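Okay, so here's the structure we're looking at.
The values are calculated or read from the model by the stated rules, or taken from the named source; none is laboratory data. Given the structure is predicted, the values throughout are model-derived calculations rather than measurements. All Cβ positions, even for glycine, are placed from backbone atoms using ideal geometry, and neighbour counts span all protein chains on display. Ligands, DNA and RNA are stripped out before the accessible areas are found, and what is left, the full protein with its side chains, is counted by its heavy atoms. Shrake-Rupley method; radii C 1.70, N 1.55, O 1.52, S 1.80 Å.
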Amino acid sequence: MAKIKLTKTAVDAATFGAKEYELRDTVVPGFLLKVTPAGRKIFMVQYRTNAGERRKPAIGRFGELTVEQARSIAQDWLADVRKGKDPSAEKTAARDAPSVKELCTKFMEDYSRPKNRPRTVESNQGYIDRHIIPKLGALKVRAVTRSDVSSLVTRMKNTPVTANRVLSCLRKMFNMAEVWGFRDDGTNPCRHIPKYPESGKTRLITDDEMARLFDYLERADLEGLEHPFLTLGIRLQFAFAARMSEIISMEWKWVDFVNRRVVWPDSKTGEISKPMSEDVFGLLSNAPRLEGSPYVVPSIFKPERPMSQNTYSAGWKRILERVEIPHVGTHGIRHRATTEIANSGVPVKVGMQLTAHKTVTQFMRYVHTEDDPVRAAAETVASRRRVVLSGQRTTPQPADNLATAQFTAPLKAPVAKPAGFDDGRYRSNTKLGNYRPFRHRSGANRAAPPGTKHNGKARLVAAE
């Protein structure tokens, strides 16, 4: 094992033999050149980690790197070793780091399938197979940049909803990549990438439509116009502010008539428990039950199974057409019920228990602003303003009754603006009462407008 100063001349002169050998540099201890029997000349660096382990990683081949370039890299690596790092282990880790395709597999097996509902698992797998792997699958997880993710989302601009779902799936995947050590903390490449606006908005069922709808449900039950299981399901969805899936999957064993409560062991947001109002208690107490069917709203033709989403949705659509109500999906029932809960004055936390929302933000997305409460609020504000201006009120009113308070502040009739004002010299629609436009003033009130020079004549008039 010879020790020489490694130079281009010395490296060029090194010949290969039957066995590999090393030439060690005298300038940088640990820097060496390995010559193999095949004639390859490889720069390497040898060191011992802080844990006492020997390392001898390759820096690069002669020809790809000059001697000075290789020596500079060796010095940098040895400096990192003094700081407690291990360049050889980092190089191996980078080479063996998982690709995005491998991350997708681990995400589905270790996170999505154990934690998500089957429908979400199916959706995630579809986003991965159709969009993520074809575009990002070959990249190393650590190598994915924000630009890579942004380009993927931009290419999907014609399908904004799908683009948003793919972005959400990717964001969760890279969050888990940080948990599993595939990326450093706080390096999620999906951060700060905005979602596309989604124009879809659920229409609120109005009070008049609600009255017509429930009138029809009463008539449908009396005259047999709709199947009783369908009308029962719609009534229950309104009463529970529930999702369609929660109603059609409800089983009788979840209904506790003693404590007047229904407990869903599993739903979109996990286990939920809702109390029964008197109306719900009456509905369930008088609901038809088929022998051998565990479901409250079973399939019409196969009672051992729950009513299908297609049957429920088609029935709801048919009812809206018969009542001549513009179409709104079954989720509109949940929006209407949530709005009624919010407008009833109950605390938000209680309302979230009734709707089974996990966050206040999500709960408020379901709350629509109705015209009547807004109009009443506007009247309340106007009434308070009249009190402030008049300084009098008939009798003190509690704060909770401001909307119905009666005020005695006199209301002045609006003064009609004259068509014009004639003082014998000028006629202008802008003159009103004692007001004159600046150009029509001739006395001391002819103040110069801001930013203009004073007229000498005007100053004399003002001085007099």
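In the set (1) aliphatic (A, V, I, L, M); (2) more than 21 Å from residue 351 (Cβ to Cβ); (3) assigned to a loop (DSSP other than H, G, I, E, B), residue 242 fails one condition alone, (2).
One residue alone among 171, 130, 165 is of a type in the set (D, E, K, R), at pLDDT 95 or above and open to solvent by less than 80 Å² (accessible area, probe 1.4 Å), and that residue is 171.
Residues in the range 214-225: is at least one out of contact with any Lys or Arg (no Cβ under 6 Å at 6 or more places or on another chain), under 24 Å from residue 288 (Cα atoms), not in a helix (DSSP H, G or I) and not polar (S, T, N, Q)? Yes, the range 214-225 contains a residue that is out of contact with any Lys or Arg (no Cβ under 6 Å at 6 or more places or on another chain), under 24 Å from residue 288 (Cα atoms), not in a helix (DSSP H, G or I) and not polar (S, T, N, Q).
Residue check, residue 67 against (1) touching a residue at least 24 places away in the same chain (Cβ under 8 Å); (2) closer than 13 Å to residue 11 by Cβ; (3) hydrophobic (A, V, I, L, M, F, W, C); (4) in contact with a strand residue (DSSP E or B) (Cβ under 6 Å, 6 or more places away or on another chain), all met but one. Which one? Condition (4) is where residue 67 drops out. For the range 36-63, residues that are farther than 14 Å from residue 89 by Cα and either open to solvent by 80 Å² or more (accessible area, probe 1.4 Å) or touching a helix residue (DSSP H, G or I) at 6+ places or on another chain (Cβ under 9 Å) (or both) total 8. No other residue among 155, 146 is under 19 Å from the mean Cα position of the chain (by Cα) and either open to solvent by less than 50 Å² (accessible area, probe 1.4 Å) or under 24 Å from residue 192 (Cβ atoms) (or both) apart from 146. Annotation: residue 168 fulfils all but one of (1) small (Gly, Ala, Ser); (2) under 12 Å from the mean Cα position of the chain (by Cα); (3) under 30 Å from residue 340 (Cα atoms); the unmet one is (3). Scanning the range 25-61 for residues that are under 52 Å from the mean Cα position of the chain (by Cα) and over 19 Å from residue 72 (Cα atoms) gives 49, 50, 51, 52, 53, 54.
The set of residues from the range 294-323 being among the β-branched types (Val, Ile, Thr) and more than 14 Å from residue 250 (Cβ to Cβ) comprises 300, 311, 319, 323.
Every residue, every condition in (1) among the β-branched types (Val, Ile, Thr); (2) modelled with pLDDT of 85 or more; (3) in contact with a helix residue (DSSP H, G or I) (Cβ under 8 Å, 6 or more places away or on another chain), yes or no:
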| site | (1), (2), (3) |
| --- | --- |
| 308 | no, yes, yes |
| 333 | yes, yes, yes |
| 348 | yes, no, yes |
| 353 | no, no, no |
| 380 | yes, no, yes |
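Being out of contact with any strand residue (DSSP E or B) (no Cβ under 8 Å at 6 or more places or on another chain) and either in contact (Cβ under 8 Å) with a residue 40 or more places away in the chain or farther than 30 Å from residue 121 by Cβ (or both) is the filter here; which residues of the range 256-265 pass it? Residues satisfying the conditions are 257, 258, 259.
Taken as a whole, the range 223-235 holds no residue that is within 30 Å of the chain's Cα centre (by Cα), open to solvent by 30 Å² or more (accessible area, probe 1.4 Å), under 20 Å from residue 355 (Cβ atoms) and of a type outside the set (Phe, Trp, Tyr).
When you scan the range 65-76, do you find a residue that is surrounded by 13 or more Cβ atoms within 10 Å (Cβ to Cβ), of a type in the set (A, V, I, L, M, F, W, C) and closer than 30 Å to residue 178 by Cβ, even just one? Within the range 65-76, one or more residues are surrounded by 13 or more Cβ atoms within 10 Å (Cβ to Cβ), of a type in the set (A, V, I, L, M, F, W, C) and closer than 30 Å to residue 178 by Cβ.
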